[in-house]
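The values are calculated or read from the model by the stated rules, or taken from the named source; none is laboratory data. Everything numeric in this text was worked out from a predicted model, so none of it was measured. A quick note on method: Cβ atoms are made from the backbone with ideal geometry, for glycine too, and the neighbour counts reach across all protein chains shown. Areas reflect the complete protein model, heavy atoms only, side chains present, ligands, DNA and RNA absent. Shrake-Rupley method; radii C 1.70, N 1.55, O 1.52, S 1.80 Å.
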Amino acid sequence: MESLGELLKSWPGGRSWSENADNKLAELMKDPLVVKFMDKHPEVDEATIRLNLNRVYQYVKEYRSCSNCPGLSACPNDYEGHYTVLSAETVHGQTQMYDRKVSCKKYLARQTEDAIRSRIRSFYVDDAALRRVYSPDEMLTKDLERAKAVGQVLRYIDRTRESGLAQQGLYLAGRFGTGKTFLMCYLLQELAKAGFSGVIVYMPDFVEDLKALMHEPAKLKETVEMMKSTDLLIFDDIGAENLNPWVRDHVLGAILNYRMERKPTFYTSNYDLEALERHFSFTSKDGDELHKGQRIMDRIRPYVQTVMVTGENKRGAKA
């Protein structure tokens, strides 16, 4: 922003700095914002304004900029998303004026959004799904067939806000395109606002990448530890992955074994729990392994509330 000194020097006619300052003082003294400030602080007189001409000019200039805000990214003020606030007090018979920078609502909103994003990690899930926002009322009425499932998710969010993390998560089951992933992204967003961290993992792509991570033990350990420790962990589209025994027993099993008595885990799937157990009981490498399927389900079934998500297939629709 242009400073008052630069403004005065640029005035036409070759007038002196002091003459320009007198003219600018007269202009500021008539400004409604300055008049209002002086009404609030009767100890502030014209002489005090003159001594603090640059502060007052900055205050008025930035107030006008904010009144016609062009958006945070185009903020014309000295510090993006901040404006000047004036105060005054009398100390030992002398009136002193002070200025300070205050964050605007847009800046605070962006800080909040950044903080929410920093609490959420996404693996192979489209960021658009995480950014998409609906109000609870809109979600409840958008597809009435889905309303019961939406209500269950909303109640879970409310309970977690009030009582903190529970051991039990949610298992969202239903056909393709009924909004299961979106509901989990909404849950992540809302609970991130309450300070909880979260990770969402698209299982088919994650399992494929795990095969490469077998040769990077440090990165594999870091990934597994993050999934163990995050407050909220979502396995999206579980059951659609190309399962192998190592992923089931040594990666997924280790994560769930750690979390099951500590933190909630969430799932979306086209399978119900019985069909998921059958999925975990067979691998192309070892064939049927019913006891291993049962073992992994013992770490899932007791720790979830099943939510059946019905409704229309919304894939390809705008909303």
Separation between the Thr141 and Tyr63 pseudo-spin-labels, each 7 Å from Cα along Cα→Cβ, expressed in nm?
4.1 nm
What is the projected area of the convex hull of the Cα atoms of the range 116-170, averaged over all directions, in nm²?
5.0 nm²
Computed Rg/Rh for the range 59-102 (Cα atoms; Rh = Kirkwood radius) stands at 1.15
Ignoring solvent entirely, what values of log10 I(q)/I(0) come out of the Debye formula for the chain at 0.13, 0.15, 0.16 Å⁻¹ when each Cα is a single scatterer?
-0.92, -1.14, -1.27
What does the extension gain come out to for Lys148 and Lys106, with contour length at 0.36 nm per residue minus their alpha carbon separation?
11.6 nm
Hey, if you drop one equal point scatterer on each alpha-carbon of the range 77-175 and run the Debye formula without solvent, what base-10 log of I(q)/I(0) do you get at q = 0.15, 0.24 Å⁻¹?
-0.88, -1.35
Average accessible surface area per residue within the chain, 1.4 Å rolling probe, Å²
54 Å²
Stretched fully, the stretch from Val85 through Leu53 gains (0.36 nm per residue minus C-alpha distance, one decimal, in nm) 10.1 nm
So, with points 7 Å from each Cα along the Cβ direction, the Lys221-Tyr134 label distance in nm works out to 4.3 nm
Within the accessible area of the chain, what % is carbon and sulfur when the probe is 1.4 Å and the other protein chains stay in place?
50 percent
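Can you tell me how much longer the chain between Thr306 and Gln167 gets when fully stretched, taken as 0.36 nm per residue apart minus their C-alpha distance, in nm with one decimal? Write out the running numbers ahead of the final one.
Numbers: separation 139, 0.36 × 139 = 50.04 nm, distance 1.41 nm.
Contour length minus Cα-Cα distance gives 48.6 nm.
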